[in-house]
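Notes to accompany the following structure.
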């Protein structure tokens with residue numbers, strides 16, 4: 001599951017064996033690449049003729065504005081696809097993709113990607129559902145940016161991330177989110193200073209504890225209540 005907690009559609013994954021079956025049935029080709037942590041899969045604004053599948057590791061997609069501010073678009077783990085820029089005639093990427101850890105990535109050329117779409121009903125349905133999920137996520141994010149300021153969006157995001165962790169393992173006694181203030185700022189597309197201010201306020205309220213490159217949730221229920229109040 002990715003940090004955005006977008007929706008169940010975007011949390012669907014396809015296993016390597018299942019993908020290979022669909023590729024073989026469609027007569028499509030692909031290459032497997034091992035990419036080290038920190039290396040780029042592609043840069044924003046450059047032509048790239050591949051669609052990508054994460055076999056292992058994780059990849060971050062982000063954009064940078066003219067002032068150098070970074071906005072994380074999403075993070076992808078095993079079984080997930082990225083690189084829908086190939087649906088454009090120009091093949092120009094709209095963001096940068098960077099491996100967060102040593103990863104193995106399958107690169108599917110544009111021609112093979114369209115063979116999959118035409119020849120594999122399962123893959124076509126998955127892509128339609130996935131793209132709808134992206135549209136839904138981006139619509140919600142745009143509304144959140146319009147309606148809520150940073151002081152509201154930070155506890156809302158932390159509450160959502162904490163709820164995801166608890167849903168994965170309800171028996172866990174402590175929720176630790178492996179994100180720094182910089183990570184939270186990148187997720188929301190805001191300044192680090194503004195996030196630090198909100199995190200400090202939540203820590204003073206006894207709701208969270210800031211750790212090195214992580215945030216420990218002390219009172220998930222109270223955090224959820226604060227997030228709910230911020231939305232009203």
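What follows draws every value from the coordinates through simple rules; no lab data is involved. For clarity, every value in this text was computed on a predicted model and none was experimentally measured. For neighbour counting, all protein chains shown are included, and Cβ atoms are generated from backbone atoms with ideal geometry for every residue, glycine included.
Quick check on the exposure proxy: order 130, 53 from fewest to most C-beta atoms within 10 angstrom.
Starting with the residue having the fewest Cβ neighbours, the order is 130, 53.
At 20 °C and 1.002 mPa s, what whole-number value in µm²/s does Stokes-Einstein give for the translational diffusion of region 148-231, with Rh from the Kirkwood sum over Cα pairs?
So the translational diffusion coefficient is about 170 µm²/s.
Can you give the angle from 0 to 90° between the axis of helix 192-204 and the longest principal axis of the chain, with both taken from C-alpha atoms, to the nearest 10?
Around 50 degrees separate the two axes.
Please compute the alpha carbon radius of gyration of region 16-145, then divide it by the globular-protein estimate 2.2 N^0.38 Å. Two decimals is fine.
The value comes to 1.06.
Run lengths n ≥ 4 of DSSP H only: what is the helix-derived mean residue ellipticity at 222 nm for the chain, with -39500 (n - 2.57) per run over all residues, to the nearest 500?
Calculated mean residue ellipticity at 222 nm is -14000 deg cm²/dmol.
Quick one: helix 121-147 against the long Cα principal axis of the chain, what's the angle to the nearest 10°, folded into 0 to 90?
Result, in degrees: 30.
Going by how many other Cβ atoms sit within 10 Å of their own, how do 14, 108 line up, fewest first?
14, 108
Need one number: nm distance between label points at residue 204 and residue 139, each 7 Å from Cα along Cα→Cβ, rounded to one decimal.
3.9
Could you put 29, 93 in order, starting from the residue whose Cβ has the fewest other Cβ atoms within 10 Å?
Ascending Cβ contact count within 10 Å gives the list 29, 93.
Tell me the label-point distance for the pair residue 149, residue 182, using the 7 Å Cα-to-Cβ offset, in nm and rounded to one decimal.
2.7
In Å and whole numbers, how far do the C-alpha atoms of the chain stretch along each principal axis, longest first?
If we take the Cα atoms of the chain, the spans are 59, 43, 34 Å.
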